[in-house]
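To start, the structure under review is shown below, and the notes come after it.
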Amino acid sequence: MSLKILLLVLVINVFLLGACSAPKPIQGVPDTSASAITLPPPSMEGINTHNHVFGTDADPDIITLGPKYGTNPDWPPYPNKYGMEFELEHGTPVLAPIDMVLIGFSNRNAERRTRGEQVDTPYNDLMLCFESASPDWPGMIIVVYHLVSSPLLLGHNVNPDCGECEEWGDRTQARGHLYFDTNDYEVSNEDDADKCEPLIGRTVKRGEVIGYAGSVGTHSMAAFCFKVSHTSENPTVERGNRYLHWVQPGTFFYWKCYTPESDFPSGVLAYPFEWEGYQLPAEQRDVDFKYDAN
């Protein structure tokens, strides 16, 4: 083989390797998606009608995109709190606010959590992590926690090795991509997490059930956190994607009640609960409901 051909092959290989290793382009918020940093929806009819269900906001110091404060600024959050509770009764079905894919979970459900003289019984702390499958919110991460159970974990509360431990922190079963206040990372199979049989990679459509509201002591809720992809860097990230930003769910997004017939303007999220105009099938309102594996 001649020297020219060898050089040509080398150049082609270098080009191909560079193309394969090129980082994904940073995705910003589409101009057409309604939000606090773009524009409101074309019509406010049916929008933001149930914001009284919003609980304590995220910590303003962890918010790096959009409004720093949520709808309840007088309710002090704990430091680095990166989500907002929906105040729901224990066992209430929790619905997907948009189309999204399950990418990780952490099961820290416990009979109790002891902090000094404070003992919370029970301490439901099942967490699910999703990535948006909607073009309205490309690359956005959705974290839901303080769930008591989920139909996306086929073994949870079915297999005795995937339930709750006695004291919070004694065990954390985790798998997939997890997101926390200042970091995100992959976990392969922590503490026999496969016993929970997570449907990692499963897509859920807007309005489908993803879990059931849990309780911390007498306080029942489902907490939602949203990390939005943006071209600016997030200075709070210590490990993981620096182009994802925690936002205040109650003031960054516009919300609308879900029905299968509802028209959702671009960017508008579905309230993650049933309402007087829509209920799930009876079997899906049971906290023990599970999806099929296929």
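In segment 31-56, what residues are touching a Pro at 6+ places or on another chain (Cβ under 7 Å) and either closer than 20 Å to residue 137 by Cβ or surrounded by fewer than 16 Cβ atoms within 10 Å (Cβ to Cβ) (or both)? Don't jump to the end; show me each part of the working.
Of segment 31-56, the ones touching a Pro at 6+ places or on another chain (Cβ under 7 Å) are 34, 36, 41-42, 47, 56.
Matches in segment 31-56: 34, 36, 41, 42, 47.
How about segment 94-146: which strands (runs of 3 or more DSSP E) wholly inside it have at least 3 residues that are of a type in the set (Lys, Arg)?
The qualifying strands (runs of 3 or more DSSP E) are 110-115.
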task = Check segment 170-182 and report whether any residue there is surrounded by fewer than 18 Cβ atoms within 10 Å (Cβ to Cβ), aromatic (Phe, Trp, Tyr), modelled with pLDDT of 95 or more and not in a loop (DSSP other than H, G, I, E, B).
result = no
request  = Determine, yes or no, whether residue 212 is surrounded by fewer than 23 Cβ atoms within 10 Å (Cβ to Cβ), touching a strand residue (DSSP E or B) at 6+ places or on another chain (Cβ under 8 Å), among the hydroxyl-bearing types (Ser, Thr, Tyr) and in contact (Cβ under 8 Å) with a residue 24 or more places away in the chain.
outcome  = no
message = Among the residues of segment 91-111, what is the count of those that are touching a Gly at 6+ places or on another chain (Cβ under 9 Å) and charged (D, E, K, R)?
response = 1
query = Can you tell me how many residues in segment 215-265 are under 19 Å from residue 177 (Cα atoms), free of Cβ contacts under 8 Å to residues at least 12 places away in the same chain and either among the β-branched types (Val, Ile, Thr) or buried (at least 19 other Cβ atoms within 10 Å of the Cβ) (or both)?
reply = 0
query = How do the pairs read when you match residues in segment 164-181 that are basic (Lys, Arg) with residues anywhere that are buried (at least 17 other Cβ atoms within 10 Å of the Cβ) and outside any loop (DSSP other than H, G, I, E, B), using Cβ under 6 Å and keeping only pairs 6 or more apart or on different chains?
reply = 171/165; 175/187; 175/193; 175/198
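Can you tell me which residue is nearest to residue 140 (Cα to Cα) among those in segment 250-288 that are among the aromatic types (Phe, Trp, Tyr) and in a loop (DSSP other than H, G, I, E, B)? Before the answer, list the steps.
Just the residues of segment 250-288 that are among the aromatic types (Phe, Trp, Tyr), to begin with: 252-255, 258, 264, 271, 273, 275, 278.
From the residues that got through so far, the ones that are in a loop (DSSP other than H, G, I, E, B) too are 253-254, 258, 264, 271, 273.
Working: 253: 13, 254: 15, 258: 20, 264: 18, 271: 17, 273: 20 Å.
For segment 250-288, the residue satisfying everything is 253.
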key: Flag for residue 95 being of a type outside the set (Gly, Ala, Ser), under 22 Å from residue 195 (Cβ atoms) and surrounded by 22 or more Cβ atoms within 10 Å (Cβ to Cβ)   = no
query = Among the residues of segment 97-145, how many are farther than 17 Å from residue 201 by Cα and under 9 Å from the mean Cα position of the chain (by Cα)?
reply = 1
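I need the full set of residues from segment 237-249 which are of a type outside the set (Ser, Thr, Tyr) and outside any strand (DSSP E or B), in order please. It would help to see each step written out before you state the result.
Taking segment 237-249 as the starting set, the residues that turn out to be of a type outside the set (Ser, Thr, Tyr) are 237-242, 244-249.
Matches in segment 237-249: 237, 238, 240, 241, 242, 247, 248, 249.
The values are calculated or read from the model by the stated rules, or taken from the named source; none is laboratory data. A quick note: this is a predicted structure, and the numbers were derived from the prediction, not measured. Heads up, the Cβs are rebuilt from the backbone with ideal geometry, glycines too, and the neighbour counts pull from every protein chain shown.
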